[in-house]
Structures are given as structure tokens and as C-alpha cells.
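Here the structure comes first, spelled out in C-alpha cells, and everything after it is commentary.
The values are calculated or read from the model by the stated rules, or taken from the named source; none is laboratory data. Since the structure is predicted, the reported quantities are computational estimates derived from the model, not experimental observations. Cβ: placed from backbone, ideal geometry, glycine included. Neighbour counts: every protein chain shown.
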């Protein structure tokens, strides 16, 4: 099965040794028997059609879905076209947000600030720990979106749109080393220091990245999370 990665941002140069977003997702989904092709949509590089792959994965980004970048309107149209064509799409963080925005939802800077580091989410009654790094949130869901994960801070932490789209606000592709790098390169002066220190204190605690990898793979293959 061929998965097209739509890369919507570049990782900090200081973290180049940890891999770019494409590499992080290839590693996350290693062993799932997928082949990948990457498109740097953040640089204006798009697939010719939504049928150029069997499924699409939209990455995270430092950009806001509501920002006036030239590549955002064509990405939103690509999402809508894939939705109509029933080609499965998975979105992570910015991907989660841009899909919601493209399909009629709303994305905003959350009034209660940032989520940084290891957070626990309720996935259908079961706790799932993932690393987060975001201030923006989906504040209004599209009409077709159903909540499948949430916590007290993030109501719309994961959404599923029937058998067509699965999106997650947190970062199953981020391991502790990447969060540590973001704290050092993007955190200071942006995220409150007490939150950064709290995030650092959880770096040695386990996450459920492998579980999310399996859910993503199952959704691509079976159009279902269960």
C-alpha cells in the first residue's frame, strides 16, 4: 500500500540529526508494509491527483492553519477532493487542524495556552499517553467529525470522519529526544518556563506511540480504528 506524506513544515535545523517529518513518520510506521512518497507541500510541491497514493498522511508544522500562506488553500482543496474521492487521510497536529478547517471546522489559538510534553488522553475509555506540542486547537468540529479521544485540556484530541479521515492532535511520531530538542530550540521565550520544566520531567516516562502507529495503519488498510 502506498502512503503519500504531505509535509507541511520543516523541523528545526538544530534537530536535523533526529530526522525530518518524513523520516519520523517512516520510522513510526516501519514494519507496517507501506511504501512512501513524500511531497513538501510547504514548499508548494503537491501530488498531481488524490489518486497518486492509496492514502495520505498530513504532518505537523510550526505554521497555523489559519495563516495566509500560498500553499494552504490548495492543501485544503486537496483534502476536500480526497474526502469526496474516499481516499483515506490521516492528519497529525497541524494535519489534524487543517483537515478540520478544510471540512468546515474552526482552528484557533487556545485561550488556555500550550500543551507540551507527555499528555494522557481518553481513547474510548482507555488512557493513551502521547507527546504534544501545540497551542492551536480545533475549537469547532466539522459536522462529519466524531470525537474519539479527549482530555480536560483538549476536547477534540482525536477525530474520525466515518471511514475517510482519522486525525490526532498529539504527536505519536515524537519520541522523548525530539520533545527535548523542541524545548531547547523552540520552547524558551515562547512556552512558559514552568510548562517546559514539567515537560522535561516526563521525558523518561513511556508513551503509546506504537499503539497509535497500529491504529493509523489499521485505518489506512481497513478504514476503521477497531
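Structure summary
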| item | result |
| --- | --- |
| Members of region 176-189 that are free of Cβ contacts under 8 Å to residues at least 60 places away in the same chain and either touching a helix residue (DSSP H, G or I) at 6+ places or on another chain (Cβ under 9 Å) or surrounded by 13 or more Cβ atoms within 10 Å (Cβ to Cβ) (or both) | 176, 180, 188 |
| Answer from 173, 152 - the residue that is closer than 17 Å to residue 209 by Cα and part of a loop (DSSP other than H, G, I, E, B) | 173 |
| Residue match in region 210-222 (condition: in contact with a strand residue (DSSP E or B) (Cβ under 8 Å, 6 or more places away or on another chain) and over 24 Å from residue 9 (Cβ atoms)) | yes |
| Checking residue 113 against (1) closer than 28 Å to residue 222 by Cα; (2) surrounded by fewer than 20 Cβ atoms within 10 Å (Cβ to Cβ); (3) touching a residue at least 60 places away in the same chain (Cβ under 8 Å), the condition it does not meet | (1) |
| Some residue of region 103-122 being closer than 20 Å to residue 168 by Cβ and part of a helix (DSSP H, G or I) | no |
| Matching residues, region 162-177, being within 24 Å of residue 123 (Cα to Cα) and over 15 Å from the mean Cα position of the chain (by Cα) | 162, 163, 164, 176 |
| Residues that are more than 12 Å from residue 97 (Cβ to Cβ), outside any loop (DSSP other than H, G, I, E, B) and over 15 Å from the mean Cα position of the chain (by Cα), drawn from region 56-72 | none |
| Qualifying residue in region 141-151 (condition: under 24 Å from residue 12 (Cβ atoms), in contact with a strand residue (DSSP E or B) (Cβ under 9 Å, 6 or more places away or on another chain) and modelled with pLDDT of 95 or more) | no |
| Test result for residue 82, part of a helix (DSSP H, G or I) and within 15 Å of residue 219 (Cβ to Cβ) | yes |
| Selection status of residue 9, at pLDDT 95 or above and either surrounded by fewer than 15 Cβ atoms within 10 Å (Cβ to Cβ) or part of a loop (DSSP other than H, G, I, E, B) (or both) | yes |
| Residue 19 vs. criteria touching a helix residue (DSSP H, G or I) at 6+ places or on another chain (Cβ under 8 Å), over 20 Å from residue 141 (Cβ atoms) and without any contact (Cβ under 8 Å) to a residue 24 or more places away in the chain | yes |
| Some residue of region 78-90 being within 22 Å of residue 19 (Cβ to Cβ), touching a strand residue (DSSP E or B) at 6+ places or on another chain (Cβ under 7 Å) and in contact (Cβ under 8 Å) with a residue 24 or more places away in the chain | yes |
| Some residue of region 191-210 being surrounded by fewer than 19 Cβ atoms within 10 Å (Cβ to Cβ) and under 20 Å from residue 89 (Cα atoms) | yes |
